[in-house]
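Quick one: structure below, then a few questions.
The values are calculated or read from the model by the stated rules, or taken from the named source; none is laboratory data. Bear in mind the structure is a predicted one, so any value in this text is a computation, not a measurement. Glycine also receives a Cβ, built like all others from the backbone with ideal geometry; neighbour counts cover every protein chain displayed.
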Amino acid sequence: MRGDVIVIGSGMAGATVAHRLTAAGASVIILDKARGSGGRMSSKRVSLGGDLSVTVDLGCPAIEAKSPDFQDFLKSFIADGLLTKSSGAPGRDSLAVRGRSSALTRTLIGAAEVRFSAKVLSIRAPFQPEASHRWEVVYEQGGKTLQAWASHVVITAPPEQAQALLPEDHVFRKALNGIHLVPQWVCALVFSLPAAEHSDRQEDVVTMLKALARRVAMHPGVETAIVENEKPGRTFSGNLGALTVHFAPGWSQVHIDEAKDRIARQAQELVRLSMDGFADSKSLELVSSHVHRWLYSQPGRLTLADQRYLSGDEGLSLCGDYFGATEFGGLERAFLSASALSEALQSSGSLSRASAHA
Ligand SMILES: Cc1cc2nc3c(=O)[nH]c(=O)nc-3n(C[C@H](O)[C@H](O)[C@H](O)COP(=O)(O)OP(=O)(O)OC[C@H]3O[C@@H](n4cnc5c(N)ncnc54)[C@H](O)[C@@H]3O)c2cc1C
């Protein structure tokens, strides 16, 4: 398999690079170890038995666009109805993706070739410096070890994971030393209201969950609690609702090695405490809980704040949310970093030379 560019990762950064370079005429291949796109913008369908299921976001719950570049970029998706204004996390003016969060990265990927469940194992240094497709990317898919070649490789994996993929002694390995993303536990709790008391009353569920979310978010150790029903394009039938509890990175770090069921019990206990003295919400019954551990959630110390991306002359580049100014959220930094790198690759002219030689 050959392309002008191999992009490792299909989160916001990888999907943006693919979108920009495909539009500029490059052939792009995306490899992602996950089963779908989105990276830390992923959602999960929680099965409730039979045909019944609900969708919850386990990662980034909403999009905040502060920079004119990101705001301009999102305009067409707002016009198409893919993005809608949302209250998002409490107190923030943000946008939410209609349906599953990954719909945005899926749309950006568009015509680029993408391989999921394709875990990159290593990137080999140019073995024939003069050859047009000189980078060899070794990946594992379906139990097989496979290779792909390209003139350029863009790594968008979190810094710890990117470091492990870089060729030994590569200068970027040192540049990434000390750059860490903090971990985070997330627990999605699905509730129902007994039908006898409330027949098919979504309004009641949402009112109760909103009040509950405010109380849960006040507990130390919790970063935020989000009502999933409020997001656009989510179909919660009848008396069902979901609350996603994001534990604070500090709390998550301390409890990082705990079993998932203990984290679920912790989230349930917070809900129980929050219901105390709040008679209305007591009629909510817990139906299901789903816990996800993010080992790499959001940048902690941004030592690459003064850089927008890293790019070597020889065609190996890095971008992602651990680059850029701290005034922006992780998602916006991922976009800005990927955009800046794509622009640099296009204006360097090396992509068109690679296509001409292929
Ligand atoms: C719970 C949570 C809440 C958040 N809340 C916010 C918020 O409110 N606002 C905000 O701005 N940001 C928030 N973020 C952060 C935001 O989601 C990230 O900053 C952003 O999504 C990062 O995008 P990315 O493309 O740089 O990286 P990622 O989304 O991590 O993409 C990297 C991709 O690389 C793939 N990959 C890694 N290693 C390999 C390999 N060896 N082979 C193949 N593929 C590989 C991964 O599967 C992944 O798909 C939150 C994140 C989490 C987890």
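Might you check whether a residue that is part of a helix (DSSP H, G or I), more than 6 Å from the ligand (Cβ to nearest atom) and of a type in the set (Ser, Thr, Tyr) occurs anywhere in the range 27-47? Break it down stepwise before answering.
Let us first name the residues in the range 27-47 that are part of a helix (DSSP H, G or I), namely 39-41.
Going one step further and asking which of them are more than 6 Å from the ligand (Cβ to nearest atom), we end up with none.
There is no residue in the range 27-47 that is part of a helix (DSSP H, G or I), more than 6 Å from the ligand (Cβ to nearest atom) and of a type in the set (Ser, Thr, Tyr).
Looking at 69, 32, 80, 93, which is the one that is over 24 Å from residue 323 (Cα atoms) and either at pLDDT 90 or above or not assigned by TED's automatic domain parsing to the domain that holds residue 317 (or both)?
Working: 69 fails: over 24 Å from residue 323 (Cα atoms); 32 fails: over 24 Å from residue 323 (Cα atoms); 93 fails: over 24 Å from residue 323 (Cα atoms).
Being over 24 Å from residue 323 (Cα atoms) and either at pLDDT 90 or above or not assigned by TED's automatic domain parsing to the domain that holds residue 317 (or both) holds for just one of 69, 32, 80, 93, which is 80.
Moving on to the next point. Suppose we keep only residues that are of a type in the set (Gly, Ala, Ser), part of a helix (DSSP H, G or I) and surrounded by 24 or more Cβ atoms within 10 Å (Cβ to Cβ) within the range 2-24. Which one would you say is farthest from the ligand (Cβ to nearest atom)?
Checked the range 2-24; the qualifying residue farthest from the ligand (Cβ to nearest atom) is 18.
Quick one: count up the residues across the range 52-68 that are closer than 15 Å to residue 233 by Cβ and either within 16 Å of the ligand (Cβ to nearest atom) or not hydroxyl-bearing (Ser, Thr, Tyr) (or both).
Step one: list which residues in the range 52-68 are closer than 15 Å to residue 233 by Cβ, which gives 53-57, 61-63.
If we keep only those that are either within 16 Å of the ligand (Cβ to nearest atom) or not hydroxyl-bearing (Ser, Thr, Tyr) (or both) as well, we get 54-57, 61-63.
Total meeting the criteria: 7.
If you don't mind, there's one more thing I want to ask. So which of 259, 242, 225, 279 ends up being of a type in the set (A, V, I, L, M, F, W, C) and at pLDDT below 90?
Details: 259 fails: at pLDDT below 90; 242 fails: at pLDDT below 90; 225 fails: at pLDDT below 90.
Testing whether each residue is of a type in the set (A, V, I, L, M, F, W, C) and at pLDDT below 90 leaves just 279.
Here is a follow-up. Looking only at strands (runs of 3 or more DSSP E) that fall completely inside the range 232-340, which ones have 1 or more residues that are free of Cβ contacts under 8 Å to residues at least 60 places away in the same chain? Steps first, please.
Values: elements: 240-247, 285-299, 316-318.
So the answer is 240-247.
In addition: Residues that are surrounded by fewer than 16 Cβ atoms within 10 Å (Cβ to Cβ), under 23 Å from the mean Cα position of the chain (by Cα) and either assigned to a strand (DSSP E or B) or without any contact (Cβ under 8 Å) to a residue 24 or more places away in the chain (or both): does the range 140-160 have at least one?
Taking the range 140-160 first, the residues surrounded by fewer than 16 Cβ atoms within 10 Å (Cβ to Cβ) are 140-147, 160.
Checking which are under 23 Å from the mean Cα position of the chain (by Cα) leaves us with 140-141, 160.
Filter once more, so that each one left must be either assigned to a strand (DSSP E or B) or without any contact (Cβ under 8 Å) to a residue 24 or more places away in the chain (or both): 140-141.
Within the range 140-160 (the criterion being surrounded by fewer than 16 Cβ atoms within 10 Å (Cβ to Cβ), under 23 Å from the mean Cα position of the chain (by Cα) and either assigned to a strand (DSSP E or B) or without any contact (Cβ under 8 Å) to a residue 24 or more places away in the chain (or both)), the answer is yes, since at least one residue qualifies.
Quick test of your reading of the structure: residue 103 fulfils all but one of (1) within 13 Å of the ligand (Cβ to nearest atom); (2) at pLDDT 90 or above; (3) within 27 Å of residue 189 (Cα to Cα); (4) surrounded by fewer than 22 Cβ atoms within 10 Å (Cβ to Cβ). Name the failing condition by number.
(1)
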